[in-house]
1. Just give me the residues in region 171-200 being closer than 17 Å to Ala310 by Cα, part of a strand (DSSP E or B) and of a type in the set (D, E, K, R), in sequence order.
2. Looking at region 421-431, which of the residues that are outside any strand (DSSP E or B) and surrounded by 15 or more Cβ atoms within 10 Å (Cβ to Cβ) is farthest from the chain's Cα centre (by Cα)?
3. Could you figure out which of (1) over 17 Å from Val217 (Cα atoms); (2) modelled with pLDDT of 95 or more isn't true of Ala140?
4. Strands (runs of 3 or more DSSP E) wholly in region 88-170 with at least 2 residues that are of a type in the set (Val, Ile, Thr) - which ones?
5. Within the set of pairs 6 or more residues apart or between chains, which connect a residue that is in contact (Cβ under 8 Å) with a residue 12 or more places away in the chain inside region 298-312 to a residue that is in a loop (DSSP other than H, G, I, E, B) and surrounded by fewer than 23 Cβ atoms within 10 Å (Cβ to Cβ) with Cβ atoms less than 6 Å apart?
6. Could you check Ala310 against (1) at pLDDT below 80; (2) assigned to a loop (DSSP other than H, G, I, E, B); (3) in contact with an Asp or Glu (Cβ under 8 Å, 6 or more places away or on another chain) and say which number it fails?
7. What is the one condition in (1) exposed (fewer than 13 other Cβ atoms within 10 Å of the Cβ); (2) modelled with pLDDT of 90 or more that Phe417 does not satisfy?
8. Across region 517-547, what is the number of residues that are out of contact with any helix residue (DSSP H, G or I) (no Cβ under 7 Å at 6 or more places or on another chain) and either basic (Lys, Arg) or not in a strand (DSSP E or B) (or both)?
Amino acid sequence: MRSKNKVAFVFALLLLLSLACRLGGTSSDQPSSSPAPQTTEQMIPQPTATAAVSGAIDNLENVRQAVVQIEAVGVFVDPEFGETLQGGAGSGFIIDPSGIAVTNNHVVSGGTVFRVYVGGDTSKTYNARVLGYSECSDLAVIDIEGDGFPYLKWYEGSIKVGMDIYVAGFPLGDPNFTLTKGIISKEKADGKSSFSSVESVVEYDATSNPGNSGGPVVTSNGEVVAVHYMGNRQTRQAFGIAGNLARNIVETLRNGENVDSIGVNGTAVSNDDQTIVGVWAYSIQPGSAADKAGLKPGDIITRLGNVPVATDGTLYDYCDIIRSHSPTETLPVEVLRLSTGELLSGQLNGRALEVVSTFGSPTTGGETPSAGSTSGSVPGTTVNPNASQPGEYYYTTEFEDMSDWQYVLMKGKESGFTQEARNGKFRVDILEPNTWVYFFNTNFTYQDVQLDTLVENLGQNTNYTGLFCRYSNDGWYEANILNTGEWYIFASDGNRLELMFSGASKLINTGKKTNSYTFVCKGDTLTLGINGVEVKTVSTKLSPFMPLREGEVGFFVASENVYPLRVEFDWFTASVVY
């Protein structure tokens, strides 16, 4: 009787910390709010001094007197290097003589102290407070101490391709005012980006740099066409939030009401094989819904409203969810905290975040054995119901004897499949569409258990295979893996399946290949492993059904509209969880 070496199930999230190299630093489209060394640019010559003006500015020469540099001091965690920064700098512009000014959300969100310099005059520092935020439209309104400031008016005309515009601000942390010239190159550009999802965007070719964010894009008369928020120097493309959208949101923000915001200054992130996808929080706005729920700078929001976010590399879905709910509505949220190696689940405007699983300390710099990793050979059939040591087998089989196994046809007809155990393997052929068959050993029930199997695809079509635990009349939990690269974790109440989490992974050998799958059911957590690497841990608390504590275990094969299918299981084990 042959033996098979079982692949150890180890946590790979620690190795995936290299994703930090891709968390916001790879794109040339950059939000601009942190200090950087001064560089030389082609700019419109500026007079060395201009006489102070009051009231509304109506010419390009005096625009600088209503443009401000904003320094935000707070806790900001950089996703590329994981460093905690104490502050950044951006631009803004005054729209009311009382000191009401507009900037970007990513310039000020998360700050606790704001220092403002008006018109490039560094001899006087103003304090400011934030009146309102819109993280999805990347806008914020601040109130600068004092009164009698010169201010800019909004442009009332139509925005047309080819019209001359000027980008004003204080880039690169430099207190010297800059003004760069360009033309409108696109009246309506795509507003989806890794850090916002703006509904009305204009594109222009004027040079911009980090630190220009929040500054005005003006006409030759000094009227504001747009609020600059992003630029790509390599392609000479820059983007601004169109004035007709910005001014409406600004009016709400200046009255102290946030718009499309939960209090996160974030950006979409992912690693190479998409096992970690979400919204990285640079900073969290104090007192916001995110802050009250327990989110911290450096957290990755993986799900919002039970829906995966940032799967397309932008905040489009994330912002769509926020825009679909009221600011006070209770909204489920799931967070990955790399700094402590924890997965947390909770609610905005509801239950605070709590740890639902851990994956080891990221400071070790190496692999950490998973809860439930095992090693050694898999004998033909071994039964040890008294197993108690972590990694020790309760049950193993190479399918020589299937007399203690049964099946349940969840969907389809008896004629829709065949089964055969031979040569130490178990083959299943699905002959008809919409056929779901579950196989389980009837001798034992389990509470905490790790399940492992090795399965080979022998057919040409897409197949669904997986593992399930705690099967009873009350329901079960299952990990469902497709040989196309997709995977799902479901809960059932015995009548229907409820999706708890879904994703895709390059770890899955697609096509006619062999894969090893692991499913750990431990306490209130379910963990899926693919080819020796942990892919996802979810909390059973995400299920709308009653928690399941004990039941039978096994594996399944299923088809939807694609058939015939042929898969072959090499072995199956149930072992003690670490």
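1. Hit for region 171-200 is Lys192, nothing else.
2. Step one: filter region 421-431 for residues outside any strand (DSSP E or B), giving 423-424, 431.
Cutting the leftovers down to surrounded by 15 or more Cβ atoms within 10 Å (Cβ to Cβ) gives us 424, 431.
Numbers: Gly424: 43, Leu431: 39 Å.
Here the residue is Gly424.
3. Tallying (1) over 17 Å from Val217 (Cα atoms); (2) modelled with pLDDT of 95 or more, Ala140 fails exactly one: (1).
4. Fully inside region 88-170 and qualifying: 100-103, 111-118, 139-144, 164-169.
5. Going by the 6 Å Cβ cut-off, the qualifying pairs are Gly298/Ser339.
6. (1)
7. (1)
8. Result for region 517-547: 12.
The values are calculated or read from the model by the stated rules, or taken from the named source; none is laboratory data. None of these values were measured; they are calculated from a predicted model. Cβ atoms come from the backbone with ideal geometry, glycine included; neighbour counts cover every protein chain shown.
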